[in-house]
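Structure below; questions to follow.
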Amino acid sequence: MFVILMAVLGLLLTSCAGTAEMDITVYSGNRYRQEIVIGFPADMLQLAGGSAEIEQLLDEMVAEAQADGVNLSWRQIRSRDSNLVQYEIRSGMTRMTDADTQGFSWTEATHNNRRAYEFKFFDYIGSEFQNFTLTLHAGKILDTNGTQLDSRTVQWVNPTGTPYAVVQPKSTVKWIPLVGAILLLLATVGIVALLLLTGRLKTWGAAGFSSGKWWVQAMKLNNERTRVEKDKGKLISELGKKAWAARVAHPSYSELYERLEALEQQRAVLSETAQAIELQLQQVRQTRTQTESEYKARINEVQDERKAVSTRLNQVRTDKAAQERRASKVQADQQKAQAEIQSLQNRLAQVQASAAPDRETQAASLSNAIAALEQSLAQLVNEMPHLQSEIARLTAEEQPLVNEVNRLEQQLAQMQGEQREALAPLDQQIAGLQNELRTHTEQAAALTQQMPPLIEALGPQVEHARPESAALAEMYDQLDKTSQELTQLSQQHDLMKARLGASDTGAVRNFYLVIGALGLALILIVILLIIALI
């Protein structure tokens, strides 16, 4: 532990601002316990990497110590000084196998012809702290250079030399709990021996064991009787169901039977009515489905016709638009050709009036161009009447198609309205029948729920009356066997209770008090031994 602690100090205590309080307790058998409380100012701790750095090093220290077989733990403790961060490091009972690794030496010595041990603490550890306190606890302090607080404790505060002490180790046995355990054991053995010698324990034991045996048997018989009673109850309940199913009547339970018959008749009437309503509901639904299918077929037919007319109308409008675009282009081309011809004619007049050497050639070229344009213009002029005629034809065809589409849409709207008017009363009738069916079904269910309790109540009355019925003969046999078994169990249980009532209650009580006292004494003895030896 000290090896890792020195590594921590070497990292953190460069300013010698830390504090440490170390307690070492030495025991016989070369064993010891150790506790260290180290503290650091918070600002210095932050400069050294913070509490996380310290705690990581402490975790590593614990891991290394546990790997060496040393039980070591640490925790952060709260200090009165808010600026001081403190950690407590504890070791379990540890053997002094290598004293140098523990920060002190432990050697056997002689003091005034008495066997003792010499303790020396290494002073270089304390020099790492600004304030360092070392406290040694032993069985007895024989000699020391420290401040002796009592006969078992010596302390050094900021020692300048090597702390030294000659001591006798503490005993690991705590004598008071050990003596208490021995005395309690002797008292227990003495009391048991006395009871055995006087014969009381034997008498009490016989009474206690017999009473315990009878009590266990009574509990088993009572549980078995409870089970058989439940089985009998189930059989009686089943008897009522079978008696009603077989319609076994008897004067002794005529009132209950008549109530069941009345409920059954009401339920049957409601069920029959519900079936009639269900049949009528199916018929109305079929009528609605048929009506809807007929209208749907007629509507689909009109929709198909409207689709065909609309398709033709769209085609006519597309063709008309194409012809109109062509007519506009032809007209534009005519105007363009006429303008070009006029321009060429003007240039031809200028050439003919000029004295240019190639006047004839230019005039011929311009004349040819004019002739070509006039030919193209003639074609455009000839095309225009055809286009106008086609546009007029398509216009004439378009209007009847528009009228037909409008007529079909009106017809479709009218048919859809007629469909709604035809289906509305059927829907109302269906809703009314559904409500009526629901009402009858709920009433029948309510009557059905009233019957099981009455049928169950019928069971005990049928069992009491035992009317002749082949359907119930087997149930009667089962109930007779169950009743016989229940009678036998009750007799046996009453016998065990009678034996318990006749037993010596005082002896039984004394026996269990002795058993309880012995158990408590053994528990106390074990606890005292654990306290004394650990």
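The values are calculated or read from the model by the stated rules, or taken from the named source; none is laboratory data. Note that the structure is predicted; figures quoted are calculated from it, not measured. Because the Cβ atoms are built from the backbone with ideal geometry, glycine has one as well, and the counts that use them run over all protein chains shown. Side chains are part of the model used for accessible areas, which takes the heavy atoms of the whole protein and leaves out ligands, DNA and RNA. Shrake-Rupley method; radii C 1.70, N 1.55, O 1.52, S 1.80 Å.
With runs of 4+ DSSP H residues as the only contributors, calculate the mean residue ellipticity of the chain at 222 nm using -39,500 (n - 2.57) per run, divided by the residue total and rounded to the nearest 500.
Rounded to the nearest 500, the figure is -26000 deg cm²/dmol.
Of N83, H464, G432, which is farthest along the charge dipole of the chain in the positive direction, counting Lys and Arg as +1 and Asp and Glu as -1 at C-beta?
Result: H464.
Another question, then. Net charge within 14 Å of A67 by Cβ-Cβ distance, Lys/Arg positive one each and Asp/Glu negative one each, not counting A67 itself?
So the surrounding residues net to -4.
Which residue, chosen from W215, T160, G233, occupies the Cα position most advanced towards the positive end of the dipole of the range 146-305, where the dipole is computed from +1 (Lys, Arg) and -1 (Asp, Glu) charges on Cβ about the Cα centre?
T160
Give me the angle, in degrees from 0 to 90, between the Cα long axis of helix 254-353 and the longest principal axis of the Cα atoms of the chain, rounded to the nearest 10.
Around 50 degrees separate the two axes.
Using Cα pairs closer than 8 Å and at least 6 residues apart in sequence, work out the relative contact order for the chain, in percent.
20
Under a Cβ-Cβ cut-off of 13 Å, what is the net charge of the residues other than Q352 that fall near it, where Lys and Arg count +1 and Asp and Glu count -1?
Summing Lys and Arg as +1 and Asp and Glu as -1 gives 0.
Tell me whether the range 179-248 comes out rounded, prolate or oblate; compute the Cα gyration tensor, take square roots of the eigenvalues as a ≥ b ≥ c, and use a/c under 1.5 as the rounded threshold.
Prolate.
Could I ask something else about it? What does the C-alpha gyration tensor say about the overall shape of the range 212-314? Classify as rounded when a/c is under 1.5, otherwise prolate if a/b is larger than b/c, or oblate.
The shape class here is oblate.
If r is the Cβ-Cβ distance from L412 to E261 and R0 is 60 Å, what FRET efficiency results, to the nearest 0.05?
Between L412 and E261 the formula returns 0.45.
How high is the relative contact order of the range 305-379, in percent, with contacts defined as C-alpha pairs under 8 Å that are six or more residues apart? It would help to have the intermediate numbers written out before the result.
On the way: 26 pairs, mean separation 23.9, N = 75.
Relative contact order for the range 305-379 comes out at 32 percent.
With +1 on each Lys and Arg Cβ and -1 on each Asp and Glu Cβ, and nothing else charged, work out how big the dipole of the chain is about its Cα centre, in Debye to the nearest 20.
Roughly 2300 debye for the chain.
Then there's this: Could you give me the percent of Cα pairs per 5 Å distance bin for the range 381-530, shortest bin first, beginning at zero and ending with the bin that holds the maximum distance?
Percent of pairs per bin, in order: 1, 6, 5, 5, 5, 5, 5, 5, 4, 5, 5, 5, 5, 4, 4, 3, 3, 3, 3, 3, 3, 3, 3, 2, 2, 2, 2, 1, 0, 0.
Which length gain, in nm to one decimal place, applies between E421 and A465 when the Cα-Cα distance is subtracted from 0.36 nm times their residue separation?
Going from the current span to full extension adds 9.3 nm.
On the full set of protein chains, 1.4 Å probe, figure out the accessible area of R326 and give it in Å² to the nearest 10.
My reading of the accessible area for R326 is about 90 Å².
Hey, any idea what the orientation-averaged projected area of the convex hull of the range 26-87's Cα atoms comes to, in nm²?
Working: hull surface 20.8 nm².
Mean projected area of the Cα convex hull: 5.2 nm².
Rounded to the nearest whole Å³, what is the per residue volume of the convex hull around the Cα atoms of the range 419-479?
Cα convex hull per residue, to the nearest whole number: 126 Å³.
With the convex hull built on the Cα atoms of the range 115-261, state its orientation-averaged projected area in nm². Working shown, then result.
Numbers: hull surface 108.5 nm².
The directionally averaged projection comes out at 27.1 nm².
Quick one: helix 2-12 against the long Cα principal axis of the chain, what's the angle to the nearest 10°, folded into 0 to 90?
Long axis of 2-12 versus the principal axis of the chain: about 50 degrees.
Further question: Multiply the residue gap between E292 and E324 by 0.36 nm, knock off their C-alpha separation, and tell me the result in nm, one decimal place.
Contour length minus the Cα-Cα distance gives 6.9 nm.
For S210, what is the net charge nearby, where nearby means another residue's Cβ is under 12 Å from its Cβ and Lys, Arg count +1, Asp, Glu -1?
+1
Next question, about the same structure. Which angle from 0 to 90°, rounded to the nearest 10, does the C-alpha axis of helix 505-533 make with the longest principal axis of the chain?
Compared with the principal axis, the helix lies near 90 degrees.
In whole percent, how big is the carbon plus sulfur part of the accessible area of the range 282-370, probe 1.4 Å, protein atoms only?
45
Evaluated at 4 °C with a viscosity of 1.567 mPa s, what Stokes-Einstein diffusion coefficient in µm²/s does the range 327-466 have when Rh comes from the Kirkwood expression over alpha-carbon pairs?
Once the numbers are plugged in, D ends up at 51 µm²/s.
Calculate I(q)/I(0) for the chain by the Debye formula, one identical point scatterer on each C-alpha and no solvent, and give its log10 at q = 0.09, 0.11, 0.13 Å⁻¹ to two decimals.
Log-scaled intensity ratios, in q order: -0.96, -1.13, -1.26.
Now, a different point. Using a 1.4 Å probe and ignoring any ligands, DNA or RNA, find the accessible area of I530 and quote it in Å² to the nearest 10.
Per-residue accessible area (I530): approximately 90 Å².
Over the heavy atoms of T94, what accessible area does a 1.4 Å probe trace out, to the nearest 10 Å²?
Here the accessible area works out near 10 Å².
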